[in-house]
1. Out of everything in region 241-261 that is exposed (fewer than 15 other Cβ atoms within 10 Å of the Cβ) and over 20 Å from the mean Cα position of the chain (by Cα), what residue ends up being nearest to Phe215 (Cα to Cα)?
2. Would you confirm whether or not region 199-211 contains a residue that is of a type in the set (D, E, K, R) and more than 10 Å from the ligand (Cβ to nearest atom)?
3. Output the residues belonging to region 245-258 that are without any contact (Cβ under 8 Å) to a residue 60 or more places away in the chain, near the ligand (Cβ under 10 Å from one of its atoms) and out of contact with any His (no Cβ under 7 Å at 6 or more places or on another chain).
4. Here are some conditions: (1) over 20 Å from the mean Cα position of the chain (by Cα); (2) crowded, with 21+ Cβ neighbours inside 10 Å. Leu20 meets all but one. Which one does it not meet?
5. Condition first: in a helix (DSSP H, G or I) and out of contact with any helix residue (DSSP H, G or I) (no Cβ under 9 Å at 6 or more places or on another chain). Now tell me which residues in region 125-149 satisfy that.
6. Within region 71-89, how many residues turn out to be crowded, with 24+ Cβ neighbours inside 10 Å and farther than 25 Å from Ala22 by Cα?
7. Quick test for you: out of Leu7, Leu44, Leu52, pick the one residue that is part of a loop (DSSP other than H, G, I, E, B) and within 18 Å of the chain's Cα centre (by Cα).
8. Given Leu344, Leu385, Leu348, which one is more than 16 Å from the ligand (Cβ to nearest atom) and either part of a helix (DSSP H, G or I) or more than 24 Å from the chain's Cα centre (by Cα) (or both)?
Amino acid sequence: MDQSSSLSRIDWVARSCRLLAATAAEFRNTKPFAGLTIGTGIHLEPKTVALLMTLRAGGADLVCTGNLNSTQPETVDYLRAQGIKVFATQTRDAEEHGASLDAILAEKPDLLLDNGGDLFARVADRPHANLLGGTEETTSGRTRLMPMRDKLNIPILVINDSPIKQFAENRHAVGQSLFESYLRFTNRSTNGKRVTVFGYGACGKGTAACFRNAFAAVSVVDIDPVTTLEAHLDGFTTPPRELAIRSADVLVTVTGYPDIITVADLPSIKDGAILMNGGHFPHEIDVEGFRSSPDVVGVDRYEAEQIETVCMRDGRAFHILGGGHMANLAGPRPLGNTVESMDLGFALQARCLERVAKGGLGKEACVIPVPAEIDALVASAYLDLAR
Ligand SMILES: NC(=O)c1ccc[n+]([C@@H]2O[C@H](COP(=O)([O-])OP(=O)(O)OC[C@H]3O[C@@H](n4cnc5c(N)ncnc54)[C@H](O)[C@@H]3O)[C@@H](O)[C@H]2O)c1
């Protein structure tokens, strides 16, 4: 008898997230979130579904939104079909996204799972009494929330600050997926191309390595001289910033900070250069500044590919991928980071939320790294499945 069935990418990812599947099986018995509502503000794409279903297996009620630009409609449809409340639209409009964030907080969730600090930044000004705390996924979120600690005063565990997240996702997966995205958007080669990577943190290290492994000549620009020395000793060229821009066929920003490439760099950008961003917020490349610069005569848009070609008065033209949004979650068929890296990161998420739900963490745990025993638990579980 034919027992074949037609499945979606969400099903493929769910089947691939073995660590989350094992965690969900445990949560079905232990129910750490029974009676609690978890509000989430994280990319709505297939891998997140695996995390959200794990939290639901633990007894949570869920209210979910996404991040700017990365919401995938099929994922929203899937979650709604599972009876999960979703307030999210595929938007690049900060105000529209803000309305979704407000809708999540209006539900007064007991725990928050944040990505970029959007939810907690609002809670800092408008706290609600039953909020126990939660998790923040990213470097950018941690930077944003650190100055708000006195106002927040609740346990917030920063997944990014786990060594596992640092090496499994930021170092090994972001580079791979940004490299994959360059190919996916452009269908151009990397062989012999000069690539400049801005930022040599965990994400920048993997990005530089992936382009080098694909036969590109890679330069690194980092404002920190110690980090720049590390890039130099890793075998990358580290020219002065202006030269690194002038010579680059591909420019990748992955710093977490705004205005890394701006209109002031217009005179240096090479004819035909491709600009892309891997940092969390779409503020590293000043796309809006380019669009409205008097030195720019027009912008050609390849809508389906989400590529913009900026045409300059002096005849040069350069290209921006995905409007300067995180390229690995933009453009045609965005895949994001590898399933395995997210399985690990999301297992940390699930365990950290379980820990906050249990109580016992005080306000001194506001914006702190993942506790070491959770790292050890997740690492051992992954190794057991890999053996
Ligand atoms: N695309 C993704 O899937 C993904 C995944 C994880 C993290 N991120 C994001 O990537 C960004 C970087 O993360 P990270 O973990 O590598 O951060 P990190 O803090 O480890 O590294 C950032 C590096 O950028 C450098 N830098 C800062 N300002 C700079 C400037 N003006 N010019 C050049 N270099 C500068 C810093 O010195 C540092 O070395 C963050 O926004 C993070 O949220 C994206």
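The values are calculated or read from the model by the stated rules, or taken from the named source; none is laboratory data. Every value quoted in this text rests on a predicted model; they were computed, and no experiment measured them. Note: ideal-geometry Cβ built from the backbone for every residue, glycine included; neighbour counts use all protein chains shown.
1. The residue in question is Leu243.
2. Within region 199-211, none of the residues are of a type in the set (D, E, K, R) and more than 10 Å from the ligand (Cβ to nearest atom).
3. Within region 245-258, Thr253, Thr255, Tyr257 qualify.
4. Single failed check for Leu20: (1).
5. Across region 125-149, the qualifying residues are Thr143, Met146, Pro147.
6. 2
7. Of the residues listed, the single one that is part of a loop (DSSP other than H, G, I, E, B) and within 18 Å of the chain's Cα centre (by Cα) is Leu44.
8. Exactly one of Leu344, Leu385, Leu348 is more than 16 Å from the ligand (Cβ to nearest atom) and either part of a helix (DSSP H, G or I) or more than 24 Å from the chain's Cα centre (by Cα) (or both), namely Leu385.
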